[in-house]
Each structure stands twice: as C-alpha cells, then as structure tokens.
Amino acid sequence: MRDCKICGRKSGDEELCEYHQSALTNLKSAYEIWSEAEEHLAWEEYIKQVNELEETGRWVKEIIENIMSQNGS
Amino acid sequence: MIITEKPTAAKRIAAALDAAKSPEEIKKGKIAYYECRRGDDELVVVYALGHLFELQQVEKGWTYPRLESKWVPKYEVDKKATNIKPIINLIQKLSKDIDEFIIATDYDIEGSLIGYLTLKLACKADPMKAHRMLFSSLTDADLEQAYSSKGGLDFPVIEAGHVRHEVDWLYGINMTRALTLSIKKVAGWFKVVSTGRVQGPTLSFVAERERLINLFVPTPFWTIHTIGNHKGNEMDLEYFKKQLSSRQDANRIVDELIGQDATVDSLNQRTVTQQPHPPFNLSSLQAEAYKHFGFKPSRTLAIAQSLYLDALISYPRTNSEMLPPTLDIKGILTGLGGMKDYAQMAKSILRGNLVPVQGKKTDPAHPSIHPTGEKPTKQLSPSDKKVYDLIVRRFLSLFGEPMIKNHLRADITCGIHKLYTRGLQIVKRGWSEFYGPYFKAEEKTLPNIKQGETIQLVSVDFENKYTQGPPRFNPASLLKLLEKENLGTKATRSSIVDSVKSRGYTQGDKFELSTLGFAVFETLAQYIPDILSPRMTRQLEIEMDNIQEGTEKRENVIKVAKTRLLSYLEEFKNKEDQIGETLVNGLQRYWKDTEELGPCPKCDDGILRVVRSPKSGKRFVGCSNYKEGKCDQTFPLPQRGTISPMEGMCPYCDHRMIKVVSGRRSWTTCINWSRCPGRQEDLKALDERRSKKKVDETGGQES
Ligand SMILES: [Zn+2]
C-alpha cells in the first residue's frame, strides 16, 4: 500500500489517491479545451492560469502546485 | 382529560372549549394545567413537552449490536431533560380521577405517537377507550368542531410513528457506535462519530457535490458586448451566440462588427398569461422565506409553528397545496379585512367569486398553509411578522386574476451576424399585486425602433469569462433535494439539514464539507455504501405509508430492518480495523485543519485544540469545554512551527503525540512535554541551547 504523495490518503499501488488522480485527469482533458480556445498555449502557462482562477477545485490546485514544485526544483 | 402537545396549545384549547371562554389555570410549581367546563363535562387540560418518553436499550453496555429497546421517561435517557419529570408526575396524579381521555396533540404522526405514549405510560389508561380530536388550526371554531366530532385513536398512524422511532433508534445507535468504537480500537481515542438513517444519504449528497467542486477545472469563453446608436439614442445589443469558445472568434467578430451599420430585421411580441403560484405547503413556504428573508428552513418552521400556536395560521407541517371546499374562505377574508395592512385587498377579493387557485400536492391530514383570519392578540416580532405577511399575501394572491406579460424582442442583422434586444412589459399585474413585495419582475421597454431602420454599432468589445463549478448547497436547496428524494418527513427534514452542520460534517453557511465529513463519507462509501444510499431509507418511508394505510404490519418492517442492520454490522466488525484506520486518518486531517488535537484526557467529551491567549497572543492547548466552565485542562506549546496530532500516545506519560514542523526542522513530542517524565533530559538540553542563542538573537520566543 502506498500513500498519495499529495494528501497521504491510501492510494493502493498508485502514486496518487483516487481524488488527486481524477483531478489530474480533469486537468489534462480541460487542456484540450483551453488549447482550442487560446492559440499557442503552453502546458506550463495553462496550469499557471488555471491555478490563479478562484473557481478551480481544491484538488486540482493541489495537483498543480505539486507539478509546479517538481518543475521548480 | 385533554392531552395536548405544548403549554401554549393547552392554554388555547382550554380557552376554546370552556363555555365561558375563561378556564382556570392551576399552577403546580413551574408547571400548570387548566380546568374548564363545557355543558355537563368537566375538563382537565394538561400538556406534554413534545415527547415525554424516549427509547432506551434493554441490554446494558455502550456497544453493538443492540437491537432491543423500550420506552422510558425522557429524563432517564437525556439527563438534561429534568423539566419532564414534574410533568409526567402531574399527569399521572391527575389521571386517577378521570373517566374519559381525549388526545388533542398535533394532528400528524408524531403528535399521534406523543398522545398515545402519554396516555399509555403516564395516564396508564386504555387506548382503545380513548378519543382523538383532529384539527388543522387552533381557532375556537375548529377546536369546538373537533371536540364535538371526536373519534377513536388512529392506531395505524401510531404504529407508523413507532416504526420510524424504532428504526431510527436502531440505525442511529448501532452505526454511531460501530464508527466510534472502530476509532477507539485503532487509536484508543473516544470521539463520537455519528450517522443515521437519513443523515447518511444527506451527507452523501453534500459529499458528492463537494467532490465535483474539488475536481472542477474552469474553461474560458468569450461574450460580445455591443452598443448601438439609433438617432442619437444608445442601446445595449446582445450577440446571438451567448458564448464563444475561442479568443480568435471573439476577436474576429469584434473586427467585423465595429463601426458597421446594422438593420432592424423584425420586432416580435409574445403575450404570456401567468396564473398565481399554488398555495403554500411547508417546503414551498420554507423556500420562499429563504429567498426573501434568508431564513433557514428550521427557523421558518419554528416561526410558522408559533404562528400556528397563536391561531394565526393553519397547521404548517403539511404537504398539501390545496384548500378544501369546506374551508370558510369568506370568514378568513373578512377577518383579514379587519387588519389595516390587508383591508383593501381583502375587500376587493370579497367582491369576486372566491375560487382559489389550487396546486397538485396533497396531504392526508391537513390543507395547505393559510391564515385563519384571526387578529394577532399581541405585537408580532419582526421575523414572525415577515413570515405571517408572506403567508397572508400568498393566500390573497390565490384569488387574483392572471398576470399578463408581453415579451418583446427586436432582431437585428449586420452581415452574417445576428443581434437582438429584449424588453418586458407587464400589461396586467393581476395576482402579483396581492403578492406584492414577493413578486419581482423588471419591466424594460424596447428602444423606439422600427423594422428596416439602421442602427450604428458604435462600440463592440468582448469579455473573457470562465465556466463556473457546481454551486454548494444552501439550507433551502438541500432541503428541496431531500424532499425530491422522499427522504425524511416534512417534520424532520429541516433538523436533518441542521444536524449535518452541527456535527461538524460541514462548515460555513454554504455546506462546505469538512475533512471530518469527508472522512465519514469516505469510510462509509468504501465499506458500507448501502448506508449512504437513499434507496434503503426511501423503502422504509414507503413501508411506513403502508402501515398507515393498514396494508403492512409494524412487526414485519422492524424484523426486516433488524436483519438488514445485523448484516451491515457483521460486515463492519469484519473490517473494523480498516474502517477505524480510514476514520483516524480523516480525523487527523480534520484536527489539523481545525487545530484540534484529539479528545481531552481530563473530561469525557471535550476536544483539545490550539488556542491563543488574547492577552499575550501566545498559543497553548486548551479544552473545548473551557468556555462552559467544565474543564480547565491546558498544556503549553512551542510558539513556532505548525503542529499536527499523531496517531500514537506518548510511551512515558500516555498523552497525545504531536509533530512540530518549524522551518527545515521537524520533531515529535507529546503535548505533556513540559511535565512528561520521559522528556526532562530533552528539556534541559533545549534550555541550554536557548540561553546560548539568546546572546545573538533578541525576542526569540521558542520554548
Ligand atoms: Zn491525494
């Protein structure tokens, strides 16, 4: 059994718990909509913008912060 | 003897039935009863305080399963219910000289059960020989009528009430104990985590919504704003596509429209006739009161209940949207005509044919909520007045003529693009005049334009917006969902909605799920999902209806409920360790969020939490029972770093272990560290380190 690297919930054999996994899936699929809406939108710029929006869900923001902290280090 | 449900009802019923309308109030300490005379009958009117008896388990022990229960005086279960004892004693004493018993509690399932239990357990009387008064308002006329036409007790209704109490008791105590004891087994803490038959599904609605909110990713869209100029008058025009899905499109459309001439294509008018809203039942009253006054449903119910006890409105716990043909509408309107605020409206309605608009929903016992026409005998409080006014105006509006509205629309084209502008004209106010402040529609005239005329598009721009996540529940919307799912009853729903919050499962006004709520939901969803499903509880509501109609027996329903419960509990026992662990995990996250550090070691039910001294601003651990003066337990805390509770207890002193993270350093200790026999060495070392440090760092507060 592993713990989710973000929240510490039990996550079976995965790196992420089901919530953070779903958040990541949603984030990826929304990128397709965003890419069609805004030309030449890089992934990094995309997640930065999503993270700044108030409406963005908590688990989505936690995933983004995790991705950004990995890129930063 | 007439048994009523509440002191105010007793007073009113005694006054209505006394031939001289002046019953004698006989005080016995803090409580009272009434004596009155009606023809040859001498009446003794006593009151209960809602339920005087409650279910208690037969076998001993705070454990599960516990399947057998019996009715006992409420004060034996709830130590705070000390006011119940003298009431039961008084009823018991007075019952000795009574030759006929009449139950005059509220006319619903709970009322019937309260009357029955009081009769059987306090009066020790034979229910088969007792009578029942049935009424939908506490006016003199209704009560006198109910007295003269009283019949026998409605046993199927009483049985249905029994079943609900028993099943709720079974699920409530057993599931709550199972959850609580799993935590105790895994972590050694005693923290009551409760759930229940209707509470489970309610929690799951909130949790499902929260999940969608937490997973939401907004996406961008664009809207076009256009201002047109027609002969010097400016007007807002809307683009025919409300949302554009790309910035490029938005840019292009703005480029193609700006500065262009558009042509008025057509002017359209659609006339709509709108009938009055149906009469109020409890949930539509609660929804309107929330919308206009912000009252949560439980507050509206309490206010309506007190208006009912003052005989100003009919019984509020009703599902019905109908007014029966036997209702004395003329009498009510005449009564309202005697009140300054409604005199004009009532008079104009009385000139008409007095046929109200009816809704579709029905109720076996009561009509929709309506005013009685009685004048308030005392000044109403501001909130009572608001709800009363809403009920009166809704009632008056039922007799109004239909409202007639014109929806106006001008279609405008510019090349391949379409624009439009809308207007609303109210031709005839009709019933909305009576509903007054509770009907809102903004009239908007169309600009003065004709077909074929030209409008110059003087300003065109776009706005970048983002999609919104699903909304959180508010008390009214959660209540509505429970009603739609047929969960709970009109009498219990608003307290279920409140309990989700009072148990710490949600926080804030907007039903935001707390970490505790999530932990309980997660655990149940993973291990006993049936408890969260509305199916089981809906099934029970159907069975209760069947009992009321006499097509199902109470014993069968209880037997099935027990079997089902036992199988859940067995499953629970088998997975107790995993369940406990999931809950403990969730509780730790919850305590971290709320700065709570687990149960207090000194008192039974306190929770330790991080508090800050208002004087020095320093933080320490205090007990949640401190405010009530029940517990003074405190522990000092390091002043820096974040603190979170850990699973284990200190091996030296058995106090809670905590983790302190300050900068890059993190360490574990127990909350009793300043006195813990195992930590005195560390403390000495810290003291030494600190005295060295103080030389080069002033104001250091690390302790
Ligand atoms: Zn996670």
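The values are calculated or read from the model by the stated rules, or taken from the named source; none is laboratory data. Values in this document were obtained by computation on a predicted structure and should not be read as measured data. Because the Cβ atoms are built from the backbone with ideal geometry, glycine has one as well, and the counts that use them run over all protein chains shown. Accessible surface areas use protein heavy atoms only, side chains included; no ligands, DNA or RNA. Shrake-Rupley method; radii C 1.70, N 1.55, O 1.52, S 1.80 Å.
General observations
- Taking all Cα pairs closer than 8 Å and separated by 6 or more residues, the relative contact order of the range B:282-397 comes to 34 percent.
- Where labels lie 7 Å past Cα in the beta-carbon direction, separation of B:Asp99 and B:Lys618 in nm: 7.8
- Gyration tensor over the Cα atoms of chain B: the corresponding equivalent ellipsoid has semi-axes (square roots of 5 times the eigenvalues, largest first) of 50, 48, 24 Å.
- Beta bridges by DSSP in chain B, antiparallel share as percent, to the nearest 5: 95
- Two-site FRET efficiency, B:Arg675 against B:Thr219, from Cβ-Cβ distance with R₀ of 56 Å, rounded to 0.05: 0.50
- Peptide A:54-63 is shielded by partner chain Cβ atoms: per residue, an average of 5 of them sit within 10 Å of its Cβ.
- Gain upon complete extension [B:Ala20, B:Ser666; 0.36 nm per residue less C-alpha separation]: 224.5 nm
- Low-density loop positions, chymotrypsin sites (Phe, Trp or Tyr not before Pro), the range B:600-654 - DSSP coil, at most 15 other Cβ in 10 Å: B:Tyr652
- If you sort B:Ser348, B:Ser149 by accessible surface, 1.4 Å probe, largest first, the order is B:Ser149, B:Ser348.
- Note on surface exposure: B:Leu181, B:Leu307, B:Leu212 rank B:Leu212, B:Leu181, B:Leu307 by accessible area, highest first, 1.4 Å probe.
- Per-residue ellipticity at 222 nm, computed for the protein assembly as shown from helices alone with -39500 (n - 2.57) per DSSP H run of at least four residues, works out to -13000 deg cm²/dmol.
- Our estimate of slack between B:Trp189 and B:Ser502, defined as 0.36 nm per intervening residue step minus the Cα-Cα distance, is 110.6 nm.
- At most 13 other Cβ within 10 Å, DSSP loop - trypsin sites (Lys or Arg not before Pro), the range B:349-416: B:Arg351, B:Lys360, B:Lys378
- Cβ-Cβ FRET estimate between B:Phe155 and B:Glu256, R0 fixed at 60 Å, reported to 0.05: 0.20
- Those lysines that a straight Cα-Cα span of less than 19 Å connects to B:Lys28, excepting residues fewer than 8 apart in one chain: B:Lys6, B:Lys11, B:Lys85, B:Lys93, B:Lys96
- In Å, descending, principal axis extents of the Cα set of the range B:562-703: 72, 33, 27
- Taking the DSSP bridge list for the protein assembly as shown and keeping only pairs wholly inside it, about 95 percent are antiparallel.
- Think of a 1.4 Å ball rolled over the protein heavy atoms: the protein assembly as shown then has 50 Å² of accessible area per residue.
- Label-to-label distance for B:Lys627 and A:Glu18 is 3.6 nm, based on points extended 7 Å past Cα in the beta-carbon direction.
- Relative contact order [Cα under 8 Å, 6+ residues apart], chain B, whole percent: 13
- With the Kirkwood sum run over all distinct C-alpha pairs, the range B:556-613 has a hydrodynamic radius of 14.3 Å.
- Rounded to the nearest 10 Å², the accessible area of B:Asp154 at probe 1.4 Å: 70
- With the gyration tensor restricted to C-alpha atoms of the range B:434-565, the semi-axes of the equivalent ellipsoid amount to 49, 24, 15 Å, longest first.
- Total accessible surface hidden between A and B, rounded to 100 Å², 1.4 Å probe: 2100
- Value of relative contact order over the range B:1-156, rounded to a whole percent, pairs C-alpha under 8 Å and six or more apart: 23
- Each residue was assigned an accessible area with a 1.4 Å probe, and for B:Arg690 the value is about 70 Å².
- Under 11 Å from the B:Gln248 label point (7 Å along Cα→beta-carbon), backbone N, the range A:34-52: A:36-40
- Cα gyration tensor shape for the range A:2-71, rounded if a/c is under 1.5, else prolate or oblate: prolate
- Label-point separation, B:Ser459 to B:Gln379 (7 Å along Cα→Cβ), nm: 5.0
- Annotation: B:Ser477 carries an accessible surface of approximately 40 Å², with a 1.4 Å probe and no ligand, DNA or RNA atoms counted.
- Cα gyration tensor shape of the protein assembly as shown, rounded if a/c is under 1.5, else prolate or oblate by comparing a/b with b/c: oblate
- The per residue volume of the convex hull around the alpha-carbon atoms of the range B:2-153 is 120 Å³.
- Each residue of the range B:536-553 was assigned a 3J(HN,Hα) from its phi angle through the Karplus curve 6.51 cos²θ - 1.76 cosθ + 1.60 (θ = phi - 60°); the sequence is 4, 6, 5, 4, 5, 4, 5, 4, 5, 4, 5, 4, 4, 8, x, 9, 9, 9 Hz, with glycine and proline shown as x.
- Ranking B:Lys592, A:Lys5, B:Lys559, A:Lys61 by solvent-accessible area of protein heavy atoms (1.4 Å probe, all protein chains present), from largest to smallest, gives B:Lys559, B:Lys592, A:Lys5, A:Lys61.
- Links that overshoot a 18 Å alpha carbon limit, given the list B:Lys375/B:Lys440; B:Lys80/B:Lys501; B:Lys291/B:Lys386: B:Lys375/B:Lys440; B:Lys80/B:Lys501
- Ranked by the mean number of other Cβ atoms within 10 Å per residue, highest first, peptides B:676-684, B:196-204 order as B:196-204, B:676-684.
- As computed over the range B:239-364, the Cα convex hull volume per residue (Å³): 252
- Modelled FRET efficiency - R0 56 Å, B:Thr634 with B:Ser567, Cβ distances, 0.05 increments: 0.75
- Volume per residue of the C-alpha convex hull in the range B:587-640, rounded to whole Å³: 89
- Prolate/oblate/rounded call for the range B:419-506, Cα gyration tensor, a/c under 1.5 rounded: oblate
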